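For reference, the structure discussed in these notes is given below.
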C-alpha cells in the first residue's frame, strides 16, 4: 500500500503521476475538487457464459443468471452484468432468457451492464423469447439505477421494464434508466400503445422522480407508457436525450402519458429525437399523448415530420394535435420538425 507525506498542510499527491497495482479508497476519491463517493454496498458479478454459478463476488466466480445476482444483492449494492458471447450470424445477441424482479429490500441497487456501445449488440440483453405477460425487468425498489442493458421483447407481451409501485409493499420512485437499448417491446395488444411497451408505469401510477436518460428505442409499439394512475399521478418525471422508435409501421406512440385519461402530475421532455410519425394502427398514432397531464415542458426536441406550410399537410402539436396531443398545461418551446425550403425554420408553433 502506497503512502503519502504531508505536503503544504495536506496529505496527498499534488502533481505528477503514479501507477498502482491495487488502490484502496476508504473515504472519498477526489478528482479536480469533486468527490466521487465510494459505493456503500457490495459488488456482484453476472456472466451468462460461465459453466456454473459461483459465489458471485468476482468475475472469476460470477453468477450465471441476473436474478441470482439481484437475489444475492441488498440495498445499495451493485450488480454488474457481462454480455454473453454472440454466436448468431443473423444479428441477435445471445440473451439472458429470464424475467428479473428487483424487490423492495434492494432499495438503491444498481444493475449495470458492461457496455461496448449503446446498441443491441453492444449490451447484455434480456430476451425471454416465448409468450409471457410478465415484464423482462420489474422494479419494486426505490432509488434504483438501470444502466447499459438491452431489452428485447420479441415473443412476449409483458413489455420491457415495469415500474411497479403500489405505495404498500412495492416502490419504484427515484429510478434512473440510462444507456439502455429497447426493441420489440409490446403489451397485450399488438398495436395499441395504451397497453404497454418498453418502459411502463403500472396501473397504480406512483413512481415519482423517474429519470429516463440517453436510451435508444427501436420498433417498440410504445416506448414510454403510463398504464394508469389509480393511486397517484407520477410527478417530477424527466425524459431527456433519448432516441425514440422512428419506424412508423412498428410504433403506435412514443410517449403515451394519458394513464387512462389522468396523465402525469408533472413531466419534462427535453432534447429527444423522434423519427417518423407512429402509424402501426389507428389507436394513438401520435409521437406524444399527454392528455390530462397537469404540468410540464416539451423543450428542444426534434421530430421527423413536416411542421411548415409549404408543400403538404402540416402536423400539429396541441391539445387535439395530429402529431402530438399536448394540453395547455404543458408548455412547448424550441422544438423543430422538417422544413420544406430554406426560408422556413421548421420550428413548431402552437396555433
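For a quick check of your reading of the model, give me the residue pairs whose first member lies in the stretch 333-347 and is farther than 9 Å from residue 307 by Cβ, whose second is at pLDDT below 85 and not in a loop (DSSP other than H, G, I, E, B), with beta-carbon atoms closer than 8 Å and at least 6 apart or on different chains.
Hits for this filter: 340/306.
Are any of the residues in the stretch 290-301 part of a loop (DSSP other than H, G, I, E, B), at pLDDT below 95 and surrounded by fewer than 19 Cβ atoms within 10 Å (Cβ to Cβ)?
No, there is no match, as no residue in the stretch 290-301 is part of a loop (DSSP other than H, G, I, E, B), at pLDDT below 95 and surrounded by fewer than 19 Cβ atoms within 10 Å (Cβ to Cβ).
In the stretch 253-287, how many are within 21 Å of residue 163 (Cβ to Cβ) and part of a loop (DSSP other than H, G, I, E, B)?
Here the count works out to 12.
Is the stretch 306-313 home to any residue that is within 16 Å of residue 332 (Cα to Cα), outside any loop (DSSP other than H, G, I, E, B) and either in contact (Cβ under 8 Å) with a residue 12 or more places away in the chain or over 20 Å from the mean Cα position of the chain (by Cα) (or both)?
Scanning the stretch 306-313 turns up no residue that is within 16 Å of residue 332 (Cα to Cα), outside any loop (DSSP other than H, G, I, E, B) and either in contact (Cβ under 8 Å) with a residue 12 or more places away in the chain or over 20 Å from the mean Cα position of the chain (by Cα) (or both).
Only residues that are surrounded by fewer than 24 Cβ atoms within 10 Å (Cβ to Cβ) and assigned to a strand (DSSP E or B): list them for the stretch 186-228, please.
Listed by number, the residues that qualify are 211, 213, 216, 218.
I'd like to verify a number: residues in the stretch 237-282 that are out of contact with any strand residue (DSSP E or B) (no Cβ under 8 Å at 6 or more places or on another chain) and surrounded by fewer than 19 Cβ atoms within 10 Å (Cβ to Cβ), how many?
Pass one, the stretch 237-282, residues out of contact with any strand residue (DSSP E or B) (no Cβ under 8 Å at 6 or more places or on another chain): 248-250, 260-261, 279-282.
Keeping just the survivors that are surrounded by fewer than 19 Cβ atoms within 10 Å (Cβ to Cβ) gives 248-249, 260-261, 279, 281-282.
So the answer is 7.
Please work out which residue is nearest to residue 114 (Cα to Cα), limiting yourself to the stretch 145-161 and to residues that are touching a residue at least 40 places away in the same chain (Cβ under 8 Å) and buried (at least 24 other Cβ atoms within 10 Å of the Cβ).
So, considering only residues that are touching a residue at least 40 places away in the same chain (Cβ under 8 Å) and buried (at least 24 other Cβ atoms within 10 Å of the Cβ), the one nearest to residue 114 (Cα to Cα) is 149.
Name the one entry in 121, 129, 113 that is under 17 Å from residue 45 (Cα atoms) and in contact (Cβ under 8 Å) with a residue 24 or more places away in the chain.
Matching residue, one of 121, 129, 113: 113.
Any idea which of (1) surrounded by 21 or more Cβ atoms within 10 Å (Cβ to Cβ); (2) at pLDDT below 95 is the one residue 122 doesn't satisfy?
Among (1) surrounded by 21 or more Cβ atoms within 10 Å (Cβ to Cβ); (2) at pLDDT below 95, the lone unmet condition for residue 122 is (1).
The values are calculated or read from the model by the stated rules, or taken from the named source; none is laboratory data. For clarity, every value in this text was computed on a predicted model and none was experimentally measured. We place every Cβ from the backbone using ideal geometry, glycine too, and count neighbours over all the protein chains shown.
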